[in-house]
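Inspection log for the structure reproduced underneath, given as structure tokens.
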Amino acid sequence: EPGRYRVHVPSGVRDFDELELAAGYARDETSRSAEALALESGAATAEVTVRRDDRTAALDGGEALFLESEVTATAVGRPRTGT
């Protein structure tokens, strides 16, 4: 549907009317998920970085057509130490 942006994350699918709202939701959800996975894997804390890669197609007249965004979150942390 034109003017709709669909976000697919592990918790489900959600639609937005604006690209930046959809991208913000994707960023927040992937960041939370990456941090949770790092903590579950034994990290004491996790530093999360998020990357967004937009893909577009060039149209006649120099306009760009939005195709998709890929949002990737990476969490890095030191392991918990037992005392």
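The values are calculated or read from the model by the stated rules, or taken from the named source; none is laboratory data. This is a predicted model, so every value here is computed, not measured. Quick reminder, even Gly has a Cβ in these numbers, built from the backbone with ideal geometry, and neighbours come from all protein chains shown. Quick note on the areas: whole protein, heavy atoms, side chains included, nothing else; ligands and nucleic acids left out. Shrake-Rupley method; radii C 1.70, N 1.55, O 1.52, S 1.80 Å.
If you average the sequence gap of Cα pairs under 8 Å that are 6 or more apart and divide by the length of the chain, what percent do you get for the contact order?
26 percent
Which value in deg cm²/dmol, rounded to the nearest 500, describes the helix-derived mean residue ellipticity at 222 nm for the chain, given -39,500 (n - 2.57) per DSSP H run of n ≥ 4 and division by the residue count?
-9000 deg cm²/dmol
In the chain, what percent of the accessible surface is made up of carbon and sulfur (1.4 Å probe, ligands and nucleic acids excluded)?
47 percent
Can you pull out the trypsin sites (Lys or Arg not before Pro) in the chain that DSSP calls coil and that have at most 13 other Cβ atoms within 10 Å?
Arg4, Arg80
Taking only Cα atoms, what is the 0 to 90° angle, nearest 10, from helix 19-40's long axis to the longest principal axis of the chain?
20 degrees
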